[in-house]
Amino acid sequence: MGEPLVVMKDVNKHFGDLHVLRDINLEVASGEVVIVIGPSGSGKSTLCRTINRLETFESGSITIDGDPLPLEGKSLARLRADVGMVFQSFNLFAHKTILENVTLGPIKVRKEKKADAERHAMELLERVGVALQADKYPAQLSGGQQQRVAIARSLAMRPKVMLFDEPTSALDPEMINEVLDVMVQLAKEGMTMVVVTHEMGFARKAANRVVFMADGQIVEQAPPSDFFTNPQSDRAKDFLGKIL
Ligand code: ADP
Ligand code: MG
């Protein structure tokens, strides 16, 4: 594993009176795959959204590959390109083809030539197994296929780190593995990933570390084998008792 790529130091965030992130200290090394788990409402989505600057924070610092998070403007657009994000809902553009969904960002934000963007997009669609769907529209694809397109769309921006916020929780059960397989492959290829998921199979296959959150705090972190068999805190024991 390489240099620290994402570094959060003493990050605090409130929504009004709700202290949603409390003194978050988290480092993710280049090539590392970190799973974030914890009860609903513990701040997992807010953590991801803060890393991507979709949310502001009041104190502390976050750097991506050494650069502090910019507030706005061109540098923010660049940061967003460095930090890919895949959400529970795939949010593809309904009136654009699959290929156009993947090439739009590279052409608009990265100023890639259309032919180059299309060549790269086809490679990525091939990699996630939906190349045959390139000329179709999102509604013509299954949920699992759409989520794989969403992953390809993020990868098209050549991100340094990928954030996944419960990427399989809106999918029918039979489609979950086809998305997880793509993520496992990505992890094997060395992509730095922060993944909010309760999918233990993925955690065991691909994660280097599990971060357990409760009430806006990181309560404990450990390699998956240790965490799932021997959680230390009562909160983690209680939580695992409910999901396993
Ligand atoms: P998780 O992803 O772990 O379920 P979230 O990060 O979504 O948790 O939410 C953490 C807490 O912050 C919850 O209590 C949630 O209701 C609250 N929250 C999330 N987003 C907002 C918002 N935009 N405004 C106010 N409260 C929010
Ligand atoms: Mg969430």
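The values are calculated or read from the model by the stated rules, or taken from the named source; none is laboratory data. This is a predicted model, so every value here is computed, not measured. Surface areas here come from the heavy atoms of the whole protein model, side chains and all, with no ligands, DNA or RNA. Shrake-Rupley method; radii C 1.70, N 1.55, O 1.52, S 1.80 Å.
Averaged over its residues, the stretch 4-201 has an accessible area of 46 Å² per residue, based on protein heavy atoms and a 1.4 Å probe.
Relative to the longest principal axis of the Cα atoms of the chain, the long axis of helix 98-108 lies at roughly 80 degrees. With semi-axes defined as the square roots of five times the eigenvalues of the C-alpha gyration tensor, the equivalent ellipsoid of the stretch 43-117 measures 26, 17, 9 Å, largest first. Of the solvent-accessible surface of the stretch 4-201, computed with a 1.4 Å probe and all protein chains present, 49% belongs to carbon and sulfur. How far, in degrees from 0 to 90, does helix 143-155 lean away from the longest principal axis of the Cα atoms of the chain, to the nearest 10? So the inclination is approximately 90 degrees. Between helix 114-127 and the chain, what is the angle of the helix's C-alpha long axis to the longest principal axis, kept within 0 to 90° and rounded to the nearest 10? Computed tilt is about 60 degrees. Largest first, the extents of the alpha carbon coordinates of the stretch 5-90 on the three principal axes equal 32, 26, 26 Å. Evaluated at q = 0.09, 0.12, 0.23 Å⁻¹, the base-10 log of the normalised Debye intensity for the stretch 23-147, with identical point scatterers placed on the Cα atoms, takes the values -0.34, -0.60, -1.35. If you wrap the Cα atoms of the stretch 104-147 in a convex hull and average its projected area over all directions, you get 3.3 nm². Pairwise inverse Cα distances across the chain, averaged and inverted, put the Kirkwood hydrodynamic radius at 18.5 Å.
Using a cutoff of 8 angstrom between alpha carbon atoms and counting only pairs six or more residues apart, the relative contact order for the chain works out to 26 percent.
Once Rg and the Kirkwood radius are both taken over the C-alpha atoms of the stretch 116-244, their ratio Rg/Rh works out to 1.03.
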